[in-house]
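Data block below; observations after.
What follows draws every value from the coordinates through simple rules; no lab data is involved. The structure displayed is predicted, hence computed values, not measured ones. Cβ atoms come from the backbone with ideal geometry, glycine included; neighbour counts cover every protein chain shown.
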Amino acid sequence: MSQKNGNTDNQYTFKIFRFNPDVDREPYYDTFISGFPRGTTVLEALLHIQETMDDSIAFRFSCRSAVCGSCGMLVNGAPVLACRTQLMALTGDQVLIEPLPNMDIIKDMVVDMKPFWDAYLRVEPWLHVNEEDTPEKEYLQSPDEVRKLDPYINCILCACCYGSCPVLGFEENYLGPAAIAKLFRFMSDSRDRRGAKFLEKVNSPQGLWACHTIFRCIDACPKDIRPTDTIEALRRKLVVYRFKKFFHLLKQDQK
Amino acid sequence: MISHDVLVIGAGLAGLRAAVGVSQKYDTAVLTKVHPVRSHSVAAQGGMNAALANVEGSKDDTTEKHAFDTVKGSDYLADQPAVKVMCEEAPGLVYELEHFGCPWSRLEDGRIAQRPFGGAGYPRCCYASDRTGHMALHTLYEKAVELGVRFLEEWFVLSLAVENDRIHGVVAMELATGKVEVFGAKTVVLATGGYGRIFSRSSNALINTGSGIALAYEAGVPIEDMEFVQFHPTTLYGTNILMSEGARGEGGYLVNNRGERFMEKYASSAMELAPRDIVARSIQTEINEGRGFNDEYVHLDLRHLGREKIVERLPGIREIAIDFAGIEPIDEPIPVQPGQHYSMGGIATDVKGATNVKGLFAAGECACVSVHGANRLGGNSLLDTTVFGKLAGEAVKEYLDSGAESPDAKILHSAFKRQEKSIQEIFSRESKGETPGGILTEMRETVFHKCGVFREKNTLEEAYSKIRELQERYCKVAIQNITTRRYNPGLMNVLELKGMLEMAELIVAGAIAREECRGAHWRTDFPVRDDKNWLKHTMAVCSQDGPVFRYTDVEITDYEPKERQY
Ligand SMILES: Cc1cc2nc3c(=O)[nH]c(=O)nc-3n(C[C@H](O)[C@H](O)[C@H](O)COP(=O)(O)OP(=O)(O)OC[C@H]3O[C@@H](n4cnc5c(N)ncnc54)[C@H](O)[C@@H]3O)c2cc1C
């Protein structure tokens, strides 16, 4: 843990969710009390607890600088990146640590993200191009065209939105906010050739139409991406596409 | 037994690029201890060098000039034919990433933008704002999933099965269950990244333990030039999160406690954009001589760039400064200090990524080709990972095309038994024994403070005996919780610590032996570069009593060594 200068330690009480499906019938909470200097993040505190008090507490981490998306978890009930959350920024000295909801638990805060990645795959998250059009150098793209992508390419796939989505609580086959935002990112890319007809693939109750616009994902996103906006934008695009198709207004290559 | 033609270990940029290249032709699996997008490559900020000559001011840039800057930056320790290959491949790889979807920042005319970077004669660093690694890694992962590459996520490789200088596969542990499994393979590509976390101050991800280099070392592969460790001049005081060189590339100043732009004294023409080794030493000198703040850091001042430029070009830097130091760079200077950043050394390979073990290849930060020599230039590592990831993939295909033998089940089985036994042994230790934490902390402090920016015989020797002592203590180190193998971080810490201590030993021993100053290796007791005796690569080979060193010649084909001036 990094040492910050000129400050005294504050005491915190950590209540940490524990569950090991091999040995525990049901989840329980462990309590740890420790002092931490100003500037300590939740991740640093957890690593300290792991190192000095209980080395079996499981949670994921990697970059500790809010770009790898490993350490999404619930801190005092809110889905956050542990590495970016300062202890000081929490109200009070009680810190409740729990795994992200909507996924099965492998152990403690480590959840099985398979459904999240499966949803990601369903939107075909790669640039769709016609091989024969590939230029020798770069595709030209204006700064404004890149700027349009900026709000969405920052997604770090941490699943905080997925864990916060109330719809996923009862509709486990729903694509979820991150996958749809990813689809929007590609469909907004001037180089992508998939066209609006691609939306037929996500035109289902588990696809674009599952969202109840409760906006939890927007609050949860540590990168200020607004998944709900992308869901609504793609719905509109789909409706326009269907309308044009119905009235035979589509050009040959849009069908 | 599970068996593949190709096993790629690691899913950062190097591993992904290798896998993308071979997976369409040969049965390939990628084993990685974290999900691919959690790999350290995601944290790269500033950019990737390629002589595209896209911008005003780089019109007459060429791949030769890129090669020259790289060789000069390396303090002439890089192998020049390899550097040439890398620089010639560079534009192709930037375009390839673009074709795969990478959202590079653009010029008004739609071409890829480039910014100035340290040690480069032209603005040739291609960037995606200051989140280049994130964009490049996600893009390559997207390409890999499009191609249907098979990933085995959260599998930790424990050892390589090598016999008679040939690879047969690997032994690995699944984190979710703790199950140990053996994977047969005709070829293995190590792309496991660097060892930054053996230093107390490091810009690296917490998972960067250098375990892949240790795997190769233990399997008898020579490890090259480990004493060359890059210290990045500007890591955020406190957490040592990187403040990209891009911040200085965009015009940021370094300022001491007297308000002076002190780089004037050390590199009067390149100023803040001198190569990293020089800037890191300059900052450390200012701090050591009392011109730092709180004797710990100097200021990186961006204020004069103005809000618009900071928000547009350096949004990631700004976000980090705000989130992790409570500092708004638009209004206040950022406190920075040198921290470990990059491993120039690593697994010795040829220009196609081949090691001395048949069928075993390495690419990316874990490898040493050598293209960075004694000091890497900023923006050349993302380049290195993609170029040599690609070339290693091609070399694997050639090797398999010529009919490689299948792995030997007996050899694999005994490799498996050895690992299973050693894990059982760890679980059987007294759980009240010393845990890895103390050893880790002592190692990190020792290596950073005694084998850091400035080095000297006595302290290096103290560091060496400390590491030997820690290695002895390691033999008895225990985990507290022995009830379960399932996702057991205590077990992971014990397993990773072994290789970390080996890496620390190689770095310190290599630094003791090399009695000169070259690039990032600065011996205050031997304050000059000594081409007569030391224009040589260090090769460390594992033996019963620790590393044995031999030295090989540097390949000098185009540029004769000269004194570096900036
Ligand atoms: C903060 C920061 C910023 C940087 N910015 C730049 C920049 O702007 N430009 C530039 O050129 N360079 C930059 N660099 C350097 C560059 O990012 C790295 O050198 C490069 O990304 C390394 O890529 P890699 O593929 O070799 O390894 P990594 O991305 O580190 O990937 C290693 C992989 O190996 C796996 N692995 C490791 N050990 C095992 C094991 N035992 N079993 C299974 N899997 C294992 C991991 O899971 C991971 O997938 C930066 C570095 C840092 C620290």
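To two decimal places, what compactness ratio does segment A:57-161 give when its Cα radius of gyration is scaled by 2.2 N^0.38 Å?
For segment A:57-161, the normalised Cα radius of gyration comes out at 1.42.
Which residues' amide hydrogens lie under 5 Å from the amide hydrogen of B:I347, considering only partners 5 or more residues apart or on another chain, with H built in the peptide plane?
It is B:E224, B:A367, B:C368, by chain and number.
For the protein assembly as shown, take every pair of Cα atoms, bin their distances at 10 Å starting from 0, and report each bin as a whole percent.
All Cα pairs considered, the percentages come to 3, 13, 24, 28, 21, 9, 2, 0, 0.
Work out the mean other chain Cβ neighbour count within 10 Å for the residues of A:147-156 and drop it here as an integer.
Taking the mean over all residues of the peptide, I get 4.
Kindly rank B:225-231, A:239-245 from highest to lowest mean number of other beta carbons found within 10 Å of each residue.
The packing order, highest mean first, is B:225-231, A:239-245.
Each residue of segment B:184-194 in order: what ³J(HN,Hα) in whole Hz does its phi give by Karplus 6.51 cos²θ - 1.76 cosθ + 1.60, θ = phi - 60°, with x for Gly and Pro?
Once rounded to whole Hz, the list reads x, 7, 6, 9, 10, 10, 8, 9, 9, x, x.
For A:S34, list long-range residues whose amide hydrogen, built 1.01 Å from N in the peptide plane, is under 5 Å from its own amide hydrogen.
Amide H to amide H, under 5 Å and 5 or more residues apart or across chains, A:S34 pairs with A:Y12, A:F14.
Sorted from fewest to most neighbouring beta carbons within 10 Å, what does the list B:R564, B:R473, B:R124 look like?
B:R473, B:R564, B:R124
Which ³J(HN,Hα) values, rounded to whole Hz and listed in residue order, are derived for segment B:311-318 from phi using the Karplus coefficients 6.51, -1.76 and 1.60 in 6.51 cos²θ - 1.76 cosθ + 1.60 with θ = phi - 60°, glycine and proline given as x?
Computed from phi, the couplings for segment B:311-318 are 5, 7, 9, 10, x, x, 4, 4 Hz.
Quick one: Karplus J couplings for segment A:12-26, per residue in order, coefficients 6.51, -1.76, 1.60, θ = phi - 60°, nearest Hz, x for Gly and Pro?
10, 10, 9, 10, 10, 5, 10, 7, 10, x, 6, 10, 9, 6, 8
Before rounding to the nearest 500, sum -39500 (n - 2.57) across all DSSP H runs of length at least 4 in the protein assembly as shown and divide by the residue total; then give [θ] at 222 nm in deg cm²/dmol.
-10500 deg cm²/dmol
Report the rotationally averaged projected area of chain B based on its alpha-carbon convex hull, in square nanometres.
24.3
How much length is gained if the chain between B:K432 and B:E462 is pulled fully straight, taking 0.36 nm per residue apart and subtracting their Cα-Cα distance, in nm to one decimal?
Here the segment from B:K432 to B:E462 would lengthen by 7.9 nm.
Over all alpha-carbon pairs of segment B:1-118, lay out the pair-distance distribution in 10 Å bins, whole %, shortest bin first.
11, 32, 34, 18, 4, 0
Post the alpha-carbon centroid distance, segment A:226-251 to segment B:9-66, in whole angstrom.
Computed from Cα coordinates, the inter-centre distance equals 36 Å.
Using a Debye calculation, one point per C-alpha and no hydration shell, please list log10 I(q)/I(0) for segment A:176-246 at q = 0.12, 0.23, 0.28 Å⁻¹ in order.
For the requested q values the scattering log ratios are -0.31, -1.04, -1.36.
Calculate the dipole size of the protein assembly as shown relative to its Cα centre from +1 charges on Lys and Arg beta carbons and -1 charges on Asp and Glu beta carbons; express the result in debye to the nearest 20.
In debye, rounded to 20, the protein assembly as shown gives about 1540.
Could you please tell me the mean projected area of the C-alpha convex hull for segment A:114-254, averaged over all directions and given in square nanometres to one decimal?
9.4
Project the alpha carbons of chain A onto their principal axes and report the range along each, largest first, in whole Å.
Principal extents (Cα only, largest first): 68, 43, 30 Å.
Mind checking B:37-48 for the average number of partner chain beta-carbons within 10 Å of each residue's beta-carbon?
Taking all residues of B:37-48 together, the mean is 4.
Let me know the mean shielding of B:100-109 by other chains, meaning the per-residue number of their Cβ atoms within 10 Å of its Cβ.
The shielding value for this peptide is 6.
Pull out the extension gain between B:K265 and B:L107, defined as 0.36 nm times the separation in residues minus the alpha carbon to alpha carbon distance; nm, one decimal.
So the chain would gain 53.4 nm between B:K265 and B:L107.
Taking segment A:3-106 on its own, what percent of its Cα-Cα pair distances exceed 23 Å?
Result for the distance tail: 23 percent.
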